[in-house]
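Read through the structure below, which is laid out as structure tokens, and then see the notes.
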2 protein chains.
Amino acid sequence: MSAPGSAPGAVTCIGAGVIGGGWAAHFLARGHDVRAWDPAPDAEARVRTVVDRAWPALTELGLAEGASRDRLTVHRTLAEAVDGAGFVQESAPEDLATKRALLAELDGVTAPGVVVASSTSGYAMTEMAADAVHHPERLVVGHPFNPPYLIPLVEVVGGERSARWAVDAAADVYRAGGKSVIVLDRELPGFVANRLQEALWREALHMVASGEATVDQIDTAITEGPGLRWPVQGPCLTFHLAGGDGGMAHMLDHFGPSLRSPWTRLEAPELTEELRAAMVDGCTEEAAGRSVADLVAERDRAVIAVLGARRAREH
Amino acid sequence: MSAPGSAPGAVTCIGAGVIGGGWAAHFLARGHDVRAWDPAPDAEARVRTVVDRAWPALTELGLAEGASRDRLTVHRTLAEAVDGAGFVQESAPEDLATKRALLAELDGVTAPGVVVASSTSGYAMTEMAADAVHHPERLVVGHPFNPPYLIPLVEVVGGERSARWAVDAAADVYRAGGKSVIVLDRELPGFVANRLQEALWREALHMVASGEATVDQIDTAITEGPGLRWPVQGPCLTFHLAGGDGGMAHMLDHFGPSLRSPWTRLEAPELTEELRAAMVDGCTEEAAGRSVADLVAERDRAVIAVLGARRAREH
């Protein structure tokens with residue numbers, strides 16, 4: 001791990017798929033040496049393809065000083081790939097047995113004190129680290145979103161045997177590269193973003209399975225509807241504004257009864273006084289002194305910019 | 001209803017809240033005369049406030065020729081408000097008894113052949129039109145998203161007694177004003193977008209209620225994560241790309257088992273051959289000949305533009 005402001009060290013990226021290759025592209029663009037490994041015979045071609053596809057985007061966003069695709073090396077063995085690395089990002093296929101064996105092996109060959117983060121979309125590190133016998137305290141989850149070189153969010157969480165310093169160090173590496181990090185205190189299946197996204201996705205699958213909507217209608221419903229607000233204000237703040245000047249409190253009091261409507265296959269929690277207070281207080285805190293009118297104006301400016309960005313892309 | 005290309009007629013907007021006022025702003029910006037009504041004593045002040053807050057955004061997006069806030073009039077009675085209108089948009093509070101009484105009254109005072117569309121977020125027109133005895137065939141749902149003057153999506157659906165011509169005419173009015181319209185064939189509680197959004201929202205409420213995440217973590221998880229992709233590609237096409245060059249087929253085969261994971265409180269449907277085929281075919285159709293590599297490049301350009309738009313807003 002390099003200290004903030006110092007030259008970034010080498011990062012090992014395990015896995016040559018969309019996520020592993022995407023991480024390689026991200027760390028290359030941030031000026032790291034990247035050492036890649038994947039068991040596939042065409043590993044090098046695959047990872048370079050992902051990096052090459054990502055590079056125009058990364059160039060447009062701005063490369064770190066000295067960043068270059070030439071600083072990618074692809075290695076034949078795990079031991080060689082982690083040699084000299086200051087951070088390891090594991091992005092193997094999403095299969096528990098695979099992850100468990102690979103993390104045990106990585107733990108055996110990686111220098112003590114070097115954090116190994118897993119890109120798993122939902123497994124708990126406690127399960128994945130079960131066979132790691134050397135330094136399991138440096139194994140953590142660092143879950144990105146596709147594509148990892150563009151989407152800022154990384155969810156960081158440790159397992160039962162992970163050390164706090166390892167969780168913090170992983171968060172520091174990501175933040176130093178410009179990521180937005182959420183550190184979770186507990187191992188929650190699917191973490192935060194995937195739980196939310198997955199609820200929506202499962203409802204979509206149900207709707208297609210039952211003939212209620214087509215793939216195209218579902219995608220249009222999001223890209224032309226609530227999806228335009230979500231890069232700007234999350235679901236809570238969005239509904240804070242739906243309450244007019246009364247904010248989240250008015251929204252919950254007015255639309256609360258809708259929670260009992262069969263609007264989705266997911267049952268709602270009871271809207272207790274405690275939950276109401278948590279939502280209202282959370283929105284008040286997030287608004288940080290901005291009135292609903294301020295937030296409306298801010299959202300409008302941002303949605304207009306997003307609409308403009310979409311239009312520009314189409315031409 | 002005005003024919004495409006002719007001067008737009010007067011539109012009546014019922015309700016002076018965020019949605020009713022937002023519709024008034026939309027139709028004013030598109031060059032209509034707008035006739036508003038709300039039972040509140042301060043109806044005029046309220047609707048003008050919403051319009052005034054929206055106007056800078058609408059001006060930036062581009063006003064239709066002759067569009068002016070001076071073309072808004074606020075009336076004392078329903079009968080006066082609908083007099084001479086070519087289209088009526090009802091945005092009363094979301095309460096079934098209120099909607100039912102109001103639509104019956106609107107049906108009584110509005111000229112036959114004029115479509116009355118309800119902004120309801122989830123009620124079926126069959127329920128809402130129960131007391132309409134004059135021309136229930138012109139009553140349809142035209143469900144917008146907040147703010148109606150910026151978000152393009154409008155979901156249009158009739159009830160059991162609605163005529164096809166009324167559904168089509170409402171869709172035409174919205175499209176003429178630049179909206180993206182989904183016409184649904186059946187009355188589905190919550191329509192399409194709200195079913196999807198509501199599944200996510202209920203999962204969020206559960207997470208706050210159980211202490212799994214804070215309001216701020218939930219909003220950050222979306223605005224910094226999947227929310228950045230959703231104005232660009234909907235949930236289906238997003239996951240089509242998550243499958244790499246194998247697309248949705250590979251994604252379902254690879255991540256299908258995750259559907260049995262407790263990633264959300266919503267149970268997934270069985271991933272039958274039929275559902276797999278519907279998802280794969282739907283994505284293939286939506287991709288319309290664009291390869292996964294094409295779609296990746298397109299998404300990257302759009303996400304970069306959205307990131308840029310967000311950054312511009314912050315400064």
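Bear in mind these aren't lab numbers, they're just calculated from the coordinates by the rules spelled out. This is a predicted model, so every value here is computed, not measured. Note that each Cβ is placed from the backbone with ideal geometry, even for glycine, and that neighbours are counted across all protein chains shown.
The magnitude of the dipole of the range A:10-183, with charges of +1 and -1 set on the Cβ of Lys/Arg and Asp/Glu and taken from the Cα centre, is near 280 debye. Averaged over peptide A:147-157, the number of partner chain Cβ atoms lying within 10 Å of each residue's Cβ comes to 4. Oblate is the label for the range A:225-314. Its Cα gyration tensor axes, ordered a ≥ b ≥ c, give a/c of at least 1.5 and b/c at or above a/b. Take the Cβ atoms of A:Leu61 and B:Glu127, set R0 to 51 Å, and the FRET efficiency comes out at 0.55. Pair-distance distribution of the range B:111-199: all C-alpha pairs, bin width 10 Å, starting at 0; shares per bin in whole percent are 18, 53, 26, 2.
The label-point distance for A:Thr77 and B:Asp253, in a model that sets each label 7 Å from Cα toward Cβ, rounds to 3.3 nm. Comparing mean-square fluctuations of B:Arg195, B:Arg299, B:Arg48 from a GNM of chain B with C-alpha springs under 10 Å, the top value falls on B:Arg299.
With n ≥ 4 as the cut-off for DSSP H runs, can you work out [θ] at 222 nm for chain A, using -39500 (n - 2.57) per run divided by the number of residues, rounded to the nearest 500? Don't jump to the answer; show the numbers that get you there.
Working: 12 runs with 148 residues, N = 315.
Dividing the helical sum by the residues of chain A leaves -14500 deg cm²/dmol.
Given R0 = 30 Å, the distance between the Cβ atoms of A:Glu160 and A:Arg260 translates into a calculated FRET efficiency of 0.20.
How much net charge surrounds B:Thr110 when only the other residues with a Cβ under 13 Å from the Cβ of B:Thr110 are counted, with Lys and Arg +1 and Asp and Glu -1? Provide the component values of the computation, followed by the final result.
On the way: positive: B:Arg35, B:Arg138; negative: B:Glu80, B:Asp83, B:Glu90, B:Glu105, B:Asp107, B:Glu137.
Spelling it out: positives minus negatives among the neighbours equals -4.
Other protein chain C-beta atoms within 10 Å of residue C-beta, averaged over A:250-262: 3.
With both labels modelled 7 Å from their Cα along Cα-to-Cβ, the B:Val183 to B:Ala312 distance reads 3.5 nm. Across peptide B:183-189, the average count of Cβ atoms from other chains found within 10 Å of a residue's Cβ is 3.
A P(r) calculated from all alpha carbon pairs of chain B, with 20 Å bins opening at zero, reads 28, 53, 19, 0 percent. Largest GNM mean-square fluctuation among B:Leu205, B:Leu63, B:Leu275, using chain B with Cα springs under 10 Å: B:Leu275.
Could you tell me the relative contact order of the range A:27-165? Use alpha-carbon pairs under 8 Å, at least six residues apart, and round to a whole percent. The value is 19 percent. For the range B:10-183, the share of DSSP beta bridges that are antiparallel, to the nearest 5, is 20%. GNM on chain B, alpha-carbon springs under 10 angstrom: the most fluctuating residue among B:Ala40, B:Ala278, B:Ala57 is B:Ala278.
Tell me, what is the percent relative contact order of chain B, built from C-alpha pairs under 8 Å that lie six or more residues apart? Present the calculation step by step, with values, prior to reporting the outcome.
Values: 479 pairs, mean separation 37.2, N = 315.
Over chain B, the number comes to 12 percent.
On the beta carbon distance between A:Glu270 and A:Ala101, with R0 = 41 Å, the FRET formula returns roughly 0.40.
Put the Cα centre of the range A:250-310 next to the Cα centre of the range B:22-60 and the gap is 22 Å. For A:Ser118, the residues whose amide H sits under 5 Å from its own are A:Glu90, A:Val140, A:Val141, A:Gly142, ignoring neighbours fewer than 5 places away on the same chain, with H placed 1.01 Å from N.
The protein assembly as shown: D in µm²/s via Stokes-Einstein (Kirkwood Rh, Cα pairs, 37 °C, 0.692 mPa s)? Answer, rounded: 128 µm²/s.
The fewest-to-most ranking of B:Ser261, A:Ser91 by surrounding Cβ atoms within 10 Å reads B:Ser261, A:Ser91. Multiplying the residue separation of B:Asp281 and B:Thr49 by 0.36 nm and removing their Cα-Cα distance gives an extension gain of 78.8 nm.
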